[in-house]
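The values are calculated or read from the model by the stated rules, or taken from the named source; none is laboratory data. In this text the structure is predicted, and so the values were computed from the model without any measurement. All Cβ positions, even for glycine, are placed from backbone atoms using ideal geometry, and neighbour counts span all protein chains on display.
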Amino acid sequence: MNPVVETKNLSKYYGNVLGLSDVSVEIHPGVVGLLGPNGAGKSTFLKLITGQLKPSLGQVCVFGQKIWNNPQLFADIGYCPETDAFFEDLSGWQFLTWMLQLHHFSACQAEEKANEVLGFLHLAEDKDRLIRSYSRGMRQRLKIAQAIAHDPQLIILDEPLNGLDPLGRRKVIKYIRKMGEEGRTVIVSSHVLPEIEAMTKKIILIHQGKIFASGNIHYIRELIDSHPHIISIKCNQVRDLAAALIKAEEVIKVFFTPDPQEVQIETRQRDVFFDRLQKLILELDLNVEAITSPDDNLQAVFDYLIGEK
Amino acid sequence: MSIRKKGYSHWEGQLKESAFVAWFPLTRLGIKLAFQKRFFKLFFFSAFLPALIFLAGIYVSERMEDFRFMIQGQPSFLQITPNYFKAYFTNSFFLFLLVLMMIFVGSGLIADDLKFKALQLYFARPLRKVDYLLGKMATLGFFLLLLSLIPGWIFVLFKLVFAGNFAFLRSYPWLPLAVVAYSLILTLFFAIYTLTLSALSSNSRHVALMIFGIYLASDIIFGIFYQNFHHPYLVLLSLKLNLQQVGAALFGEKLFYPVPWGWSLLLLIMLMGLGLAILNRRIRSVEVVK
């Protein structure tokens, strides 16, 4: 089966600044997560595969054709950029119907499609409001709407869940999965691992402009699981909890912070630790206020993986 | 066959190529947004006043007997010759109206796209750079031709209707073509001029100032230099005078200044070429960080 997106030795330089270096990758139908910390080159990669940037070296083929200077391909591509790109003086409905007309839909078809997509993304009630009055979440949903409204085969979503509330996130994640199951190709970029995990098992890890790893998400999960995690717990009996945790094999360090109700632990076995923590909460009858992981982000994982930490 | 394979196989066929005019939705939206602007409707209808006055002049010229109580003899300004058309098309007020129209309609055409980072959305659709520019130019062309070509042809038509014969057309068979040619020159020049300036800033107010300022400044600079040096070739410094020179030549009338009109036309073409080069450079889907 031919890949939907294929890059060969793809590189992009902004003057002396490296955007992407020697990336060769094949993307097949289904949902693919593009993971990397901020500034890793995800957006550059997406702009290259959407033909918005010309490669400095190498080539990009989409649907077997070169994407650069080939706008006809966009009839089957939906792109949701990371930044807002709206006409603030139009209503959401006007904006969407107009975007559909640029995809050669007739006025009637565009109106019908726009109503359908706005309804699906819970924007139907606000469709006649000016975009300038939209909240961040509504803008994000509208951005996704313009990417999917024309029913494309390849959908490219750059940080699509930014600004969405939990309900909106769940709905969009569900929809992205559905599109993948239908046989479409969905490329989703994010720097938040759990977001990608909820959508797909196929990931591409990108770091400092290079493909760091690609394949099944279990691979990165294993790597992450061996990464020493710091977990912060806020509760009413921090010293009792610390005393219990210090005996646990999976705990490497226990330390206190200036906050008298907070204890931080370091572990290499996150899952084992959380199992134990659940039991301790019940045994000690703890009143837990918060459990957070200060370094639970991709940058920390990448730093660990490439040996910077 | 599973749903997955079915969905995927879609793209392996021929990608559909539509005969639809890709730029037309851009033009339609541009026109629609122009009419949503405050005071634009008032300005738009007022802009037709000069044309109505000239049309009334054609009517009066053919019904002089009815207006004897007001007008004695046959005043030269009521003689419908190519000079009458020149008087309409090259008068400073008419050209100023076109500049104002460009400020209303054109100042935000590209500037707002830059401001709202909308170019990345345009170029993620089956739209080429040339389609984008054509769509924007057609928006301006719509208004410019409404004020130039349409009145010009209406003048010719009403002259024939009021006269009740084709003598006027037999005398000046080239005049309708001159109207078309000059209207196209005006449209192309003002459209490219406006779009170029609109592409230079993401603030439509700054663009409006530039459209007005450069047009006016070129005329003022000409005035200052001409007063000191009295050299006719200084006419090339003024955008307005270059347009007037070309207009006078196309209507077969005396030039405003004794300078070959080809120089003015060449200068306008060079300015349009420069404008297109700037547009080609400025219109790109993403900002490239250097």
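Can you confirm whether residue B:56 is in a helix (DSSP H, G or I), touching a residue at least 12 places away in the same chain (Cβ under 8 Å) and away from every other protein chain (no Cβ under 14 Å)? It is false that residue B:56 is in a helix (DSSP H, G or I), touching a residue at least 12 places away in the same chain (Cβ under 8 Å) and away from every other protein chain (no Cβ under 14 Å).
Per the listing B:214, B:269, the residue uniquely touching a residue at least 24 places away in the same chain (Cβ under 8 Å), surrounded by fewer than 16 Cβ atoms within 10 Å (Cβ to Cβ) and within 25 Å of residue B:146 (Cα to Cα) is B:214. Residues in the range A:36-47: is at least one surrounded by fewer than 17 Cβ atoms within 10 Å (Cβ to Cβ), in contact (Cβ under 8 Å) with a residue 40 or more places away in the chain, at the interface with chain B (Cβ under 10 Å from one of its Cβ atoms) and closer than 30 Å to residue A:210 by Cβ? Within the range A:36-47 (the criterion being surrounded by fewer than 17 Cβ atoms within 10 Å (Cβ to Cβ), in contact (Cβ under 8 Å) with a residue 40 or more places away in the chain, at the interface with chain B (Cβ under 10 Å from one of its Cβ atoms) and closer than 30 Å to residue A:210 by Cβ), the answer is no, since none of the residues qualifies. With the condition kept exactly as written, say whether any residue in the range A:157-167 is crowded, with 20+ Cβ neighbours inside 10 Å and assigned to a helix (DSSP H, G or I). Scanning the range A:157-167 turns up no residue that is crowded, with 20+ Cβ neighbours inside 10 Å and assigned to a helix (DSSP H, G or I). Among the residues of the range A:24-35, which ones are away from every other protein chain (no Cβ under 11 Å) and either crowded, with 24+ Cβ neighbours inside 10 Å or under 27 Å from residue A:181 (Cβ atoms) (or both)? Of everything in the range A:24-35, those that are away from every other protein chain (no Cβ under 11 Å) and either crowded, with 24+ Cβ neighbours inside 10 Å or under 27 Å from residue A:181 (Cβ atoms) (or both) turn out to be A:25, A:26, A:27, A:31, A:32, A:33, A:34, A:35.
Quick check on residue B:232: is it in contact with a helix residue (DSSP H, G or I) (Cβ under 7 Å, 6 or more places away or on another chain), more than 20 Å from residue B:96 (Cβ to Cβ) and modelled with pLDDT under 95? So residue B:232 fails the test. Which ones in the range A:91-124 are surrounded by 20 or more Cβ atoms within 10 Å (Cβ to Cβ) and outside any helix (DSSP H, G or I)? If the condition is that a residue be surrounded by 20 or more Cβ atoms within 10 Å (Cβ to Cβ) and outside any helix (DSSP H, G or I), then A:102, A:103, A:104, A:105, A:121, A:123 are the ones that fit. Taking every residue in the range A:199-213 that is closer than 24 Å to residue A:177 by Cβ and pairing it with any residue that is assigned to a loop (DSSP other than H, G, I, E, B) and not hydroxyl-bearing (Ser, Thr, Tyr), at least 6 positions away or on another chain, the pairs with Cβ-Cβ distances below 6 Å are A:206/A:36; A:206/A:40; A:206/A:41. Can you tell me which residue is farthest from the other protein chains (Cβ to nearest Cβ) among those in the range B:118-141 that are in contact (Cβ under 8 Å) with a residue 40 or more places away in the chain and among the small types (Gly, Ala, Ser)? Top of the filtered list is B:141.
Within the range A:3-19, identify whether any single residue is touching a residue at least 12 places away in the same chain (Cβ under 8 Å), under 28 Å from residue A:183 (Cβ atoms) and surrounded by fewer than 16 Cβ atoms within 10 Å (Cβ to Cβ), and answer yes or no. Yes. Residue A:254 meets each of the listed conditions (1) out of contact with any strand residue (DSSP E or B) (no Cβ under 9 Å at 6 or more places or on another chain); (2) at pLDDT 90 or above; (3) of a type in the set (A, V, I, L, M, F, W, C) apart from (1).
The set of residues from the range A:68-112 being acidic (Asp, Glu) and facing chain B (nearest Cβ under 9 Å) comprises A:76, A:84, A:88, A:89.
The residue of the range A:125-149 that is surrounded by the fewest Cβ atoms within 10 Å (Cβ to Cβ), among those that are without any contact (Cβ under 8 Å) to a residue 40 or more places away in the chain and of a type in the set (Lys, Arg), is A:136.
Does residue A:186 meet the test of being within 14 Å of chain B (Cβ to nearest Cβ), within 23 Å of residue A:47 (Cα to Cα), β-branched (Val, Ile, Thr) and surrounded by 16 or more Cβ atoms within 10 Å (Cβ to Cβ)? Spelling it out, residue A:186 is indeed within 14 Å of chain B (Cβ to nearest Cβ), within 23 Å of residue A:47 (Cα to Cα), β-branched (Val, Ile, Thr) and surrounded by 16 or more Cβ atoms within 10 Å (Cβ to Cβ). Look at residue A:126 and say whether it is facing chain B (nearest Cβ under 9 Å) and acidic (Asp, Glu). For residue A:126, the condition - facing chain B (nearest Cβ under 9 Å) and acidic (Asp, Glu) - is not met. Scanning the range B:144-181 for residues that are small (Gly, Ala, Ser), surrounded by 15 or more Cβ atoms within 10 Å (Cβ to Cβ) and out of contact with any Pro (no Cβ under 9 Å at 6 or more places or on another chain) turns up B:148, B:163, B:181.
Among the residues of the range A:1-42 satisfying the criterion of being charged (D, E, K, R) and within 24 Å of residue A:76 (Cα to Cα), which is farthest from the chain's Cα centre (by Cα)? Restricting to residues being charged (D, E, K, R) and within 24 Å of residue A:76 (Cα to Cα), the top hit is A:8. Only a single item in (1) out of contact with any Phe, Trp or Tyr (no Cβ under 7 Å at 6 or more places or on another chain); (2) within 28 Å of residue A:38 (Cα to Cα) is not met by residue A:70, and it is number (2).
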